[in-house]
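One structure is given below, encoded as structure tokens.
The values are calculated or read from the model by the stated rules, or taken from the named source; none is laboratory data. As the structure is a computational prediction, the values presented were derived from the model and not from experiment. All Cβ positions, even for glycine, are placed from backbone atoms using ideal geometry, and neighbour counts span all protein chains on display. Note: accessible area is taken over every heavy atom of the protein model, side chains too, but ligands, DNA and RNA are not part of it. Shrake-Rupley method; radii C 1.70, N 1.55, O 1.52, S 1.80 Å.
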Amino acid sequence: SWINNFIPYLIDKLWAQNHYVSWINDTKYMSKGDICFILSFSKILDKKSLNFNKNNIVVHESDLPEGKGWSPMAWQILEGKKNIPIVLFEASESIDSGNIYLRDIINLNGDELVDEWREKQFSSTKKLIMKFILDFKKFETISLNTYKSESKYRRRSVSDSSLDIKKSIEDQYSLLRVVDNEKYPAYFILNDKKYIIQIEKCLKNQ
């Protein structure tokens with residue numbers, strides 16, 4: 001996951017506050033502890049895994065219960081949103097359904113490419129995590145807004161990076177903002193051939 005590039009910064013900050021931290025990428029390595037932060041993990045933890053820790057915390061970028069599921073940042077950028085909610089909540093055996101502890105907003109300018117908005121996403125994630133750790137025993141949960149209708153984003157695939165050659169670049173700018181040049185670059189098909197398009201931001205005069 002892209003977030004693995006940022007995890008060491010979070011661990012260093014926690015170590016500096018004398019916390020013991022274990023970083024794992026597979027539930028088979030789980031051990032007992034106070035808090036398990038589940039960050040950009042592609043699987044739902046079962047009851048056995050959840051029982052290892054007193055709290056199992058997920059950070060998710062939507063106004064739950066709206067926007068459950070996969071890649072909520074990318075989907076909302078495609079929807080044209082600039083102010084994206086982010087919540088820290090208790091994990092459960094049902095996806096994105098636990099009670100919420102903290103909320104915040106990720107503010108975008110509207111021109112950030114994937115590396116830029118991911119950096120803002122992690123900055124907000126770190127902020128919520130550190131706030132929760134500071135005094136997690138005193139936090140009270142905020143139940144999900146039951147009056148809101150539930151919605152769910154599907155998992156994005158390679159085909160979601162496909163450009164329409166009949167549309168302008170401007171019309172597809174939001175799509176270009178969420179593609180990853182390495183893992184799932186933008187592409188188009190013409191005359192049965194596939195062409196990859198990479199995007200990067202540079203100064204106006206370059």
Seminar exercise, completed: How many residues of the range 160-206 are within 14 Å of Trp75 (Cα to Cα) and open to solvent by 50 Å² or more (accessible area, probe 1.4 Å)? The answer is 1
Exercise. What pairs can you find where one residue is in the range 168-179 and touching a residue at least 40 places away in the same chain (Cβ under 8 Å) and of a type in the set (Lys, Arg), the other is surrounded by 20 or more Cβ atoms within 10 Å (Cβ to Cβ) and in a helix (DSSP H, G or I), and their Cβ atoms are less than 7 Å apart, with a gap of 6+ or different chains?
Worked result: Arg177/Ile77; Arg177/Val114
For this session: Answer with yes or no whether Asp63 is part of a loop (DSSP other than H, G, I, E, B) and farther than 16 Å from Ser92 by Cα.
Result: yes
Exercise. In the range 148-159, how many are part of a loop (DSSP other than H, G, I, E, B) and loosely packed, with under 11 Cβ neighbours inside 10 Å?
Worked result: 4
Problem set entry | The one condition in (1) open to solvent by less than 30 Å² (accessible area, probe 1.4 Å); (2) modelled with pLDDT of 95 or more; (3) in a loop (DSSP other than H, G, I, E, B) that Asn109 fails to fulfil | (1)
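This table checks each residue for (1) buried (at least 21 other Cβ atoms within 10 Å of the Cβ); (2) closer than 21 Å to Asp115 by Cβ; (3) without any contact (Cβ under 8 Å) to a residue 60 or more places away in the chain.
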| site | (1), (2), (3) |
| --- | --- |
| Gly33 | no, no, yes |
| Lys43 | no, no, yes |
| Lys68 | no, no, no |
| Asn83 | no, yes, yes |
| Leu88 | yes, no, yes |
| Ala91 | yes, no, yes |
